[in-house]
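So the structure is just underneath, and the comments pick up after that.
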Amino acid sequence: MKYERETCNLLRRLGVNNSYKGFRYTAYGVGRAIHDPELLTYISKGLYVDIASRFQTSIGCVERDIRTIVKTIWEHGDKMLLYEVFGFETEQKPRNGAFIDAVAHYVVEHYYD
């Protein structure tokens, strides 16, 4: 996928690596959100279904594993980079959809060809 490498690099810089199940789900989800932003409108019935189908897992596992990625970054990751990704200082841990949307926007803005 076009932006997958950049997304993976950004996730690593934020403080997570591919030892997390949700790492691949998040990277794939960001790419899908870039190509079809409507998937984020109803994330549980859109993006999570797409990711679960691709990785042959359940929607619940996808949601939980992405939430773990967001939580790990929020608690132990690079806060300054996270604020740069969002464009502002976040007061509370972002929801999965907001995180994926912010990362997708950042990747498109910073890694265009």
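The values are calculated or read from the model by the stated rules, or taken from the named source; none is laboratory data. All values reported here derive from a predicted model rather than from experimental measurement. When we count neighbours, we look across all protein chains shown, and the Cβ atoms used for this are built from the backbone with ideal geometry, even at glycine. The area values use the complete protein model at the heavy-atom level, side chains included, leaving out ligands, DNA and RNA. Shrake-Rupley method; radii C 1.70, N 1.55, O 1.52, S 1.80 Å.
Miscellaneous remarks
- Working from Cα pairs under 8 Å separated by at least six residues, relative contact order for the chain is 35 percent.
- Rounded percent of accessible protein surface that carbon and sulfur make up, the chain, 1.4 Å probe: 46
- For the range 18-104, chymotrypsin sites (Phe, Trp or Tyr not before Pro) are listed when DSSP marks them as loop and at most 14 other Cβ atoms sit within 10 Å of their Cβ; the list is Tyr42, Phe88.
- Each Lys and Arg contributes +1 and each Asp and Glu -1, all at the Cβ; summed about the Cα centre of the chain, the dipole is approximately 480 debye.
- Residue order by solvent-accessible surface for Ser44, Ser53 is Ser53, Ser44, largest first, with ligands and nucleic acids left out and a 1.4 Å probe.
- Environment charge of Thr26, counting only residues whose C-beta is closer than 11 Å and scoring Lys/Arg +1, Asp/Glu -1: +2
- A Cβ-based charge dipole, computed about the Cα centre of the range 60-113 with Lys and Arg at +1 and Asp and Glu at -1, lands at about 300 debye.
- What the range 1-112 shows is 57 Å² of accessible area per residue, with the surface traced by a 1.4 Å probe over protein heavy atoms.
- Sequentially through the range 59-69, phi angles give Karplus couplings (6.51, -1.76, 1.60; θ = phi - 60°) of 4, x, 5, 4, 4, 5, 6, 5, 4, 5, 4 Hz, Gly and Pro residues having no value and appearing as x.
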